[in-house]
Amino acid sequence: MRLRNKPWAKEKLEQYPEYYISCPERYKGSWTKVFSKDQPLHIEIGTGKGRFISEMAKTNPHINYIGIELQKSVIVSALDRLIELDLPNIKLLNINAAELTDVFSKGEVQLIYLNFSDPWPKNRHEKRRLTHNNFLRIYENILVDEGEIHFKTDNQGLFEYSLLSFSEYGLLLKFISLDLHSSHFEKNIMTEYEEKFSSLGNRIYRCEVKYCSCTGSNLSQK
Ligand code: SAM
């Protein structure tokens with residue numbers, strides 16, 4: 001994502017504690033207290049400008065949502081959406097996904113969305129891909145026992161890599177589409193990148209995978 005530096009972003013984010021949580025480690029194990037209703041928690045990693053997660057929160061008031069984004073200059077645009085929508089069931093965090101276990105306890109999150117994650121095509125950057133084995137282990141440590149990852153991308157190489165990574169980790173494949181916009185999947189909510197790349201004619205790939213008792217750290221060879 002091309003970034004315009006916004007030196008004022010930090011100050012603006014901190015002016016809205018009802019949407020932006022500045023010291024999220026404080027709430028590890030007690031995220032239900034942050035929301036007005038005790039209900040399932042779904043998070044999006046790499047939420048960008050927040051279109052997907054805010055639309056999800058509007059459509060599903062019975063679920064709490066957290067959008068997680070590394071870049072302050074980007075997440076500040078997501079904040080603008082939340083100010084406009086004024087929803088009680090969504091918050092934003094400016095953290096790196098590598099720090100998720102500092103912020104959430106095991107079992108606090110039901111579902112993780114990864115939408116149009118950076119592909120990091122060079123082999124030497126493989127560990128930065130959000131579907132790398134190291135990240136799958138981090139996700140396992142915050143998800144409920146049968147927690148899920150829902151993943152969308154227009155990048156065929158990243159999709160194939162991710163399917164292999166999920167499979168090697170022992171995740172169960174629940175759903176797959178190799179051309180989402182031509183499929184019968186009706187609940188799709190578009191992200192900013194999805195809008196941009198599908199308008200260029202790119203195919204959108206999507207899958208849902210699920211952890212189970214035979215997954216990841218429970219496998220003896222891991
Ligand atoms: N999901 C949005 C969409 O589909 O429009 C944005 C996609 S953009 C290509 C990927 C986003 O993920 C960027 O905003 C980037 O800053 C964020 N990101 C990349 N690595 C991250 C990490 N380790 N933790 C949190 N966010 C990350």
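Quick look at the numbers
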| quantity | calculated |
| --- | --- |
| Gap separating the Cα centres of the stretch 172-197 and the stretch 117-131, nearest whole Å | 21 Å |
| Positive minus negative residues near THR101 (Lys, Arg vs Asp, Glu; Cβ under 11 Å) | -2 |
| In Å², nearest 10: area of LYS210 left accessible to a 1.4 Å probe | 50 Å² |
| Those aspartates and glutamates that a straight Cα-Cα span of less than 12 Å connects to LYS49, excepting residues fewer than 8 apart in one chain | GLU69, ASP80, GLU192 |
| Chain lengthening between LYS33 and LYS12 when straightened (0.36 nm per residue, less Cα-Cα) | 5.2 nm |
| The chain - mean residue ellipticity at 222 nm from DSSP helices (-39,500 (n - 2.57) per run, n ≥ 4, rounded to 500) | -8000 deg cm²/dmol |
| Debye, to nearest 20: dipole size of the stretch 39-218, +1 on Lys, Arg Cβ, -1 on Asp, Glu Cβ | 340 debye |
| Kirkwood hydrodynamic radius over Cα pairs of the chain, then Stokes diffusion coefficient at 4 °C and 1.567 mPa s, in µm²/s | 73 µm²/s |
| Within the chain, percent of DSSP bridges classed antiparallel, to nearest 5 | 35 percent |
| Net length gained if the chain between SER182 and ASN202 were fully extended (0.36 nm per residue, minus Cα distance) | 6.0 nm |
| Tally of Lys pairs whose C-alpha atoms are under 21 Å apart, taken over the stretch 67-222, 8 or more apart or cross-chain | 16 |
| Residue-wise HN-Hα coupling along the stretch 143-152, computed from phi with Karplus coefficients 6.51, -1.76, 1.60 (Hz; x: Gly, Pro) | 7, 5, 4, 10, x, 10, 10, 10, 10, 10 |
| Gain on full stretching of the segment that runs from LYS174 to LEU85 - 0.36 nm per residue minus C-alpha separation | 28.8 nm |
| Mean Cβ neighbour count within 10 Å, used as a protection proxy, ranking 42-51, 172-181, 86-95 highest first | 42-51, 86-95, 172-181 |
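The values are calculated or read from the model by the stated rules, or taken from the named source; none is laboratory data. From a predicted model like this one, the values you see are computed outputs, not experimental measurements. Ideal geometry is used to build each Cβ from the backbone, glycine not excepted, and the neighbour counts take in all protein chains shown. These accessible areas exclude ligands, DNA and RNA; they are computed on the full protein's heavy atoms, side chains included. Shrake-Rupley method; radii C 1.70, N 1.55, O 1.52, S 1.80 Å.
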